[in-house]
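Step one of this worksheet: look at the structure below.
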Amino acid sequence: MNKINSNTKSGTFIVTDNQQLSSTYSLLILRPEDDIDLKLADFKAGQFVEVLPPANSTFLRRPISVCNVDETTNTLWLLIRDAGAGTHALNASRPGQKIDIIYPLGHGFSTTLPKASKVLLIGGGVGVAPLIYLGRKLKEAGIEPIFLLGARSKSDLLLLDKFNEIGKVFCSTDDGSFGTPGVVTQNPVINDNYDIMFTCGPMPMMKAVAKVAQQNNVECEVSLENVMGCGLGACLCCVEKTKDEGNVCVCTEGPVFNIKRLLW
Amino acid sequence: MVNLRTHIGGGLEIQNPILTASGTFGYGEEYSSFIDLNRLGGFIVKGTTFEPRQGNDYPRMVETPSGMLNAVGLQNKGVKHFVDEIYPRLCDYKSEIIVNISGASIDDYVAVAQMLDPLPRIKAIEVNISCPNVKAGGMAFGTTTSGAQAVTEAVKKAFSKTVIVKLSPNVTDIASIAKAVEAGGADAVSLINTLMGMAIDIERRRPYLSTITGGLSGAAVKPVAVRMVWQVAKAVKIPVIGLGGIMNGADAIEFILAGASAVEIGTANFINPKVTIEALEFIEDYCQRHNVTDIKELIGQI
Ligand SMILES: Cc1cc2nc3c(=O)[nH]c(=O)nc-3n(C[C@H](O)[C@H](O)[C@H](O)COP(=O)(O)OP(=O)(O)OC[C@H]3O[C@@H](n4cnc5c(N)ncnc54)[C@H](O)[C@@H]3O)c2cc1C
Ligand SMILES: Cc1cc2nc3c(=O)[nH]c(=O)nc-3n(C[C@H](O)[C@H](O)[C@H](O)COP(=O)(O)O)c2cc1C
Ligand code: FES
């Protein structure tokens with residue numbers, strides 16, 4: 001319960017750009033309306049925000065990962081997959097749209113690693129979102145990130161240009177239309193020697209990655225997307241079972257967990 | 001200046017009618033970066049049981065039209081943890097700290113109440129006789145007049161200060177339950193707890209909640225709650241605390257007019273973590289606009 005962020009705030013952001021990446025995905029760029037007393041650059045990779053989707057499209061807020069922070073323009077990037085009413089309204093928002101956001105929430109990935117660390121960042125679907133910011137933070141810390149991105153087919157691989165700017169990128173597609181055919185755990189690059197693997201994506205993918213990490217005796221951190229009521233540690237709806245403490249809140253203790261803590 | 005002080009039973013007066021609903025406000029600390037907790041009338045902390053509880057399996061919530069279903073199942077670290085670890089951190093707040101207690105048997109309720117009685121900053125407890133999530137307990141007490149009265153009497157013997165009994169809306173005649181707990185010695189009643197509900201994911205053909213059914217809260221329940229507060233306020237002499245779907249100050253006024261001496265704000269905190277203070281400011285403003293100098297003038301006008 002002491003895991004609450006004391007610097008969490010709520011405020012209005014304004015959409016400055018909405019890039020439609022496909023029929024279901026869009027990249028929202030937002031800037032704070034007023035000067036906020038927290039620099040966006042202080043957000044940690046793997047943290048998330050609680051967004052109030054526009055136009056009263058939902059009752060509750062929706063948790064969305066910090067995809068990236070552009071320090072030069074002081075903007076926040078959110079990668080949105082249209083999954084229902086709230087994300088649909090976010091996808092449809094136009095520049096100038098005001099959006100109420102609680103930020104930043106949760107605890108992110110471990111980024112203080114020895115310089116020579118070999119790290120693999122594995123993403124699938126909208127789960128690639130936090131890996132952009134994570135990759136950049138690792139790179140700033142002098143670590144060369146390697147990405148392994150999975151998707152159904154080539155058109156579902158998101159933000160490839162951006163990933164290519166940050167590090168080496170390997171891809172897997174189910175239909176073989178790009179990169180190695182098959183799922184990410186069938187991509188040979190996953191079995192190289194790593195000090196740590198980070199993963200975010202659909203649950204079956206993360207569980208498969210965790211299994212590879214366990215077999216290869218590699219550290220592994222996963223970012224969970226449990227359904228949330230508040231994002232603040234107040235409602236106890238978002239729990240995941242841990243070995244040490246039983247049910248813990250993903251929103252305050254996670255969303256990133258070392259797989260050693262989980263019953264996977 | 002408007003006098004917002006209000007009585008919540010057993011001689012306990014709070015600085016204004018805004019309380020927070022148990023299970024939606026953690027231990028208050030979760031909201032301390034958004035609002036000044038000292039400005040609240042009080043905050044009602046998480047449901048506390050004698051033994052630690054892991055609660056129900058995930059998934060525990062789903063959004064429904066203008067509301068949500070939850071099935072947390074009273075996850076908490078037990079009353080001893082509260083007394084040793086949480087209570088010392090809360091002591092410096094100026095607002096009242098009210099502990100919501102639950103049990104699977106009368107002995108459980110009594111044991112929790114006894115542990116809290118010696119704490120000087122806990123001047124009131126709220127007895128949850130209505131939580132629909134816990135298979136073994138809760139429900140049974142809150143749905144019969146005899147059960148509700150028996151828990152009230154036992155807790156009153158164990159706790160020397162204000163005892164608020166929180167009523168379940170999942171009954172045919174809530175006024176008769178309210179009268180039974182009044183006869184059992186309750187200093188106040190609060191209502192409503194969540195309404196039992198259910199939602200099904202038609203694509204997977206499975207219920208959304210691990211427990212199949214859960215408790216409905218949020219804006220969707222408000223008209224039911226206002227009606228029940230009005231019925232209960234007419235039936236009992238002790239103060240009534242109103243809650244259920246309060247999303248803003250205007251909703252709070254509605255409950256006060258229906259007979260509530262104070263209100264609790266729950267689910268709305270998830271959407272707007274500053275809602276309590278904004279509601280307080282709305283009430284002050286409303287009173288000024290309506291030339292009301294004392295909030296007590298509004299209570300039960302309908
Ligand atoms: C920490 C965290 C980070 C996230 N980051 C992103 C992100 O960067 N980009 C993004 O597009 N999405 C992200 N999600 C998922 C996103 O929150 C859900 O897709 C969203 O809440 C769905 O809301 P909706 O109103 O669009 O759809 P709804 O109509 O509410 O739901 C549509 C479907 O999605 C399911 N669903 C609802 N909430 C969640 C959830 N939290 N996780 C998984 N499934 C859910 C529902 O059961 C339903 O089947 C994240 C979730 C979490 C917990
Ligand atoms: C996530 C959640 C957890 C809750 N836990 C408790 C609890 O532990 N004890 C209790 O008496 N009521 C509990 N409640 C019920 C609320 O205190 C309140 O009675 C109900 O939500 C209606 O008010 P609202 O619509 O303003 O939320 C809980 C409600 C929610 C949404
Ligand atoms: S979402 Fe409410 S405690 Fe995590």
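Quick notes on this structure:
- Every pair of residues 6+ apart whose Cβ atoms lie under 6 Å, when the first sits in region A:119-131 and is closer than 20 Å to A:PHE43 by Cβ and in contact (Cβ under 8 Å) with a residue 40 or more places away in the chain while the second is away from ligand 3 (no atom under 16 Å from the Cβ) and charged (D, E, K, R): A:VAL126/A:ARG81
- Residues of region A:13-41 that are of a type outside the set (Ser, Thr, Tyr), in contact (Cβ under 8 Å) with a residue 40 or more places away in the chain and farther than 14 Å from A:ALA89 by Cβ: A:PHE13, A:ILE14, A:ASP17, A:GLN20, A:LEU21, A:LEU27, A:ILE29, A:LEU30, A:ARG31, A:PRO32, A:GLU33, A:LEU38.
- Residues in region A:71-110 that are more than 14 Å from chain B (Cβ to nearest Cβ), in a loop (DSSP other than H, G, I, E, B), open to solvent by less than 40 Å² (accessible area, probe 1.4 Å) and within 11 Å of ligand 1 (Cβ to nearest atom): A:GLY108 only.
- Index of the failed condition, B:LYS80 passing every other in (1) within 27 Å of B:GLY259 (Cβ to Cβ); (2) outside any loop (DSSP other than H, G, I, E, B); (3) not aliphatic (A, V, I, L, M): (1)
- The lone exception for A:ILE190 - which of (1) under 30 Å from A:THR58 (Cα atoms); (2) surrounded by 20 or more Cβ atoms within 10 Å (Cβ to Cβ); (3) of a type outside the set (D, E, K, R); (4) away from ligand 3 (no atom under 16 Å from the Cβ) it fails: (1)
- Conditions (1) surrounded by fewer than 22 Cβ atoms within 10 Å (Cβ to Cβ); (2) at pLDDT 95 or above; (3) of a type in the set (Gly, Ala, Ser): number failed by A:SER155: (2)
- Some residue of region A:23-43 being basic (Lys, Arg) and within 13 Å of chain B (Cβ to nearest Cβ): no
- Only a single criterion out of (1) more than 20 Å from A:TYR133 (Cβ to Cβ); (2) more than 15 Å from ligand 1 (Cβ to nearest atom) is not satisfied by A:GLU240, namely (2).
- Residue list for region A:40-70, restricted to those being of a type in the set (A, V, I, L, M), in a loop (DSSP other than H, G, I, E, B) and closer than 14 Å to A:GLY231 by Cβ: A:LEU60, A:VAL66
- In region A:123-152, the residue that is surrounded by the most Cβ atoms within 10 Å (Cβ to Cβ) out of those that are assigned to a loop (DSSP other than H, G, I, E, B) and not charged (D, E, K, R) is A:ILE143.
- Put simply, of A:THR73, A:THR58 the only residue that is of a type in the set (Val, Ile, Thr), over 24 Å from A:VAL256 (Cα atoms), outside the structural domain of A:ASP195 (by TED's automatic domain parsing) and at pLDDT below 95 is A:THR73.
- Test for B:PRO223: is it within 16 Å of ligand 1 (Cβ to nearest atom) and surrounded by fewer than 19 Cβ atoms within 10 Å (Cβ to Cβ): no
- Residue within region B:257-264 that is within 12 Å of chain A (Cβ to nearest Cβ), open to solvent by less than 20 Å² (accessible area, probe 1.4 Å) and in contact (Cβ under 8 Å) with a residue 24 or more places away in the chain present: no
- Within region B:50-71, the residues that satisfy the criterion of being assigned to a loop (DSSP other than H, G, I, E, B), of a type in the set (S, T, N, Q) and facing another protein chain (nearest Cβ under 7 Å) are B:GLN54, B:SER66.
- Boolean, B:GLY47 is within 14 Å of chain A (Cβ to nearest Cβ) and of a type outside the set (Ser, Thr, Tyr): yes
- Filter result (open to solvent by 10 Å² or more (accessible area, probe 1.4 Å) and hydrophobic (A, V, I, L, M, F, W, C)) within region B:265-279: B:ILE271, B:ILE277
- In region B:1-38, residue farthest from the other protein chains (Cβ to nearest Cβ) [restricted to those that are crowded, with 18+ Cβ neighbours inside 10 Å and among the charged types (D, E, K, R)]: B:GLU29
- Within region A:53-70, restricting attention to residues that are open to solvent by less than 50 Å² (accessible area, probe 1.4 Å) and charged (D, E, K, R), the residue that is farthest from ligand 3 (Cβ to nearest atom) is A:ASP70.
- Residue in region A:111-122 that is under 12 Å from A:GLY167 (Cβ atoms), modelled with pLDDT of 95 or more, outside any helix (DSSP H, G or I) and among the basic types (Lys, Arg) present: yes
The values are calculated or read from the model by the stated rules, or taken from the named source; none is laboratory data. Since this is a predicted model, take the numbers as computed values, not measurements. Every residue, glycine among them, receives a Cβ derived from its backbone with ideal geometry; neighbour counts consider all protein chains shown. What goes into the accessible areas is simple: the full protein's heavy atoms, side chains included, and nothing from ligands, DNA or RNA. Shrake-Rupley method; radii C 1.70, N 1.55, O 1.52, S 1.80 Å.
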